[in-house]
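Asks: One structure coming up, written as structure tokens, with questions to follow.
The values are calculated or read from the model by the stated rules, or taken from the named source; none is laboratory data. Predicted model only: the values in this text are computed from it and were never measured. Here the Cβ positions follow ideal geometry from the backbone for every residue, glycine too, while neighbour counts run over all protein chains shown. Just so you know, the surface numbers come from the protein's heavy atoms only, side chains and all, with ligands and any DNA or RNA stripped out. Shrake-Rupley method; radii C 1.70, N 1.55, O 1.52, S 1.80 Å.
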Amino acid sequence: MKVKNICCIGAGYVGGPTMAVIAQKNPEIKVTIVDINEERINAWNDSDLSKLPIYEPGLAEIIKDTRGKNLFFSTEIDEAIDRSEMIFISVNTPTKTYGKGKGQAADLKYIELCARNIAKVATTDKIVVEKSTLPVRTAEAVKSILDNTGNGINFHILSNPEFLAEGTAIEDLLNPDRVLIGGESEEAIDSLAMVYNSWVPEDQILRTNIWSSELSKLTANAFLAQRVSSINAISELCEHTEANVDEVARAIGMDSRIGPKFLKASVGFGGSCFQKDILSLVYIARNYNLNEVADYWEQVIIMNDHQKRRFSDNLIKTLYNTVSGKKIALLGWAFKKDTNDTRESAAIYVADHLLNEQAQISVYDPKVPKQKVYADLNYLNTRSEKENETNVAVENSPYDAIDGAHAIAIMTEWDEFRNYDWEEIYNKMKKPAFVFDGRNILDKNKINKIGFKYYSIGQ
Ligand code: UDX
Ligand code: UDX
Ligand code: ADP
């Protein structure tokens, strides 16, 4: 069946870019993205494209081309569901913050609400596509809700996990390594494959059973995160042995069995997926009593927490064991470059730790607004909102952020950080002027020559 109307529930970092590309590549399909968050929908509809709720290189151009033609943003959820033959569920599945599985299991309440909503309003057969990352066997629950509360129509459930990375979402969507579709009904799988066929060659569309598809997404993220924790573990060893982690990464990456990507040592991985998905994998393994499997993957998170912690510990130790009352400038707040997303960003945890030691924090990030920085810190509940406001300044210019600072901590690998006038920065700082490069982006020789005391990861 050729699909004519698509509805996507959830206008976030996944739903927004994915549907924009689907709409661009399928001008004959009407794509409607719905969300309960009216403010977010209004932002997606804003005529000023710089006000879109998410920043992704190349996204605004595609929105400009498609919005109002065959791409629509709306809060009229029921209407969009009923009209569409295919419905993507692309809502958030955060780690549970309450009850059983608190701190580990994925919270599926938003998924369940979507399933109930679809069941309630659908009056014709639907293909329901899981886009959000979900624990293996979630489709079973979705199917049960749809079949038991629906209006007696047919639902086909597909799993079609999204592998895009933020910051390169559009490029990843336009040139995916593969598109994965898991399901039972060949016909439903064909309908979805046809949507992707508009730009993805058939041999890159992988068809599996639904459980393999769900588990592949968790596994891919677990493997990627594991690579980062593995190289970060080696970075600590490098610091004690005079080996250089970037040299080690290059050397091992040339082994085609290992490969060169995802071997950049850092202050620790962040983002909405890695930690959440590994915790979910660990929780599922424990549920099946597979304790060795659970312990194995849990170590990836333990290593990542250790890496963030040892970064701030090292900063404090180097500043003569106290940062109390000292201004520390954090360059970068996003969890990686080219995104305004801050979920699980290492910067949040480093700042929190330094604040516990009574540091005065100043933050500059090219894309993260002030309120977001405060919201992230307040969410941790470590201290009062007032204290965060008093002890954290968020600046619009990097030069204001570093003015009079004892140390700079580079938290995000934004390209612009490399090209700053580091001489001027040096002159504006307290001496000795320290730089802690959590991303190994600066030229060590150049920075040392200016007079900075420079510390990087694994060197
Ligand atoms: C290894 C390294 O590959 C090589 O670069 C190094 O110089 C020496 O150690 P080797 O032990 O000879 O080489 O064989 P390898 O092919 O790496 O296999 C090691 C073990 O892993 C074998 O028991 C193999 O069966 C197993 N293996 C390998 C798997 O179980 N699955 C795999 O996907 C790959
Ligand atoms: C990840 C997966 O890459 C993507 O396929 C999936 O769909 C969603 O989760 P994302 O979290 O957006 O994407 O970004 P990613 O590029 O994977 O980076 C995650 C974190 O790891 C970032 O904090 C990044 O800075 C860090 N990282 C990544 C490293 O520290 N070193 C590396 O070598 C790679
Ligand atoms: P992701 O990174 O997975 O895209 P986001 O949090 O950016 O996650 O986006 C998920 C979106 O889903 C949010 O905008 C949220 O308001 C929306 N959402 C959550 N539950 C529902 C629901 N039941 N109906 C409609 N939209 C929902």
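Asks: Restrict the search to segment 361-459; then list the GluC sites (Glu not before Pro) that DSSP places in a loop and that have at most 16 other Cβ atoms within 10 Å of their Cβ.
Replies: On the way: sites: 385, 387, 389, 395, 413, 416, 423, 424; in loops: 395, 413.
Here the GluC sites (Glu not before Pro) that fit, given the DSSP loop and packing criteria, are 395.
Asks: Continuing with the same structure: Note down the accessible area of residue 113, probe 1.4 Å, to the nearest 10 Å².
Replies: The accessible area of residue 113 comes to roughly 110 Å².
Asks: Name the residue from 315, 299, 245 whose Cα lies farthest towards the positive end of the charge dipole of segment 235-327, charges +1 on Cβ of Lys and Arg and -1 on Cβ of Asp and Glu.
Replies: 315
Asks: How would 283, 455, 296 rank on accessible area, largest to smallest, probe 1.4 Å? List each step's numbers first, then the result.
Replies: On the way: 283 50, 455 80, 296 125 Å².
Solvent-accessible surface, decreasing: 296, 455, 283.
Asks: So, R0 is 22 Å and r is the distance between the beta-carbons of residue 321 and residue 383; what FRET efficiency does that work out to, to 0.05?
Replies: Working: r = 22 Å, r/R0 = 0.98.
Once rounded, the FRET efficiency stands at 0.55.
Asks: Could I ask something else about it? Could you rank 365, 338 by how accessible they are, 1.4 Å probe, largest area first? Don't jump to the answer; show the numbers that get you there.
Replies: On the way: 365 10, 338 40 Å².
So, going from the largest accessible area down, we get 338, 365.
Asks: Additional query: When the helix-only estimate is applied to the chain (DSSP H runs of n ≥ 4, each -39,500 (n - 2.57), divided by the residue count), what is the mean residue ellipticity at 222 nm, nearest 500 deg cm²/dmol? Walk me through the intermediate numbers first.
Replies: Numbers: 18 runs with 207 residues, N = 459.
Theoretical 222 nm ellipticity from helices: -14000 deg cm²/dmol.
Asks: Still on this structure, I have one more. Carbon and sulfur together cover what percent of the accessible area of segment 302-456 at a 1.4 Å probe radius?
Replies: Details: 3020 of 6820 Å².
C and S fraction of accessible area: 44 percent.
Asks: In square angstrom, what is the accessible area per residue of the chain with a 1.4 angstrom probe? Mind dumping the intermediate values first?
Replies: On the way: 20630 Å² over 459 residues.
Roughly 45 Å² per residue, with all protein chains present.
Asks: With the cut-off at 31 Å, tell me which of the pairs 30/143; 30/120; 96/372; 131/367; 109/336; 126/367 have Cα atoms farther apart than that. It would help to have the intermediate numbers written out before the result.
Replies: On the way: 30/143 25 Å; 30/120 22 Å; 96/372 21 Å; 131/367 26 Å; 109/336 28 Å; 126/367 39 Å.
Check vs 31 Å cut-off fails for 126/367.
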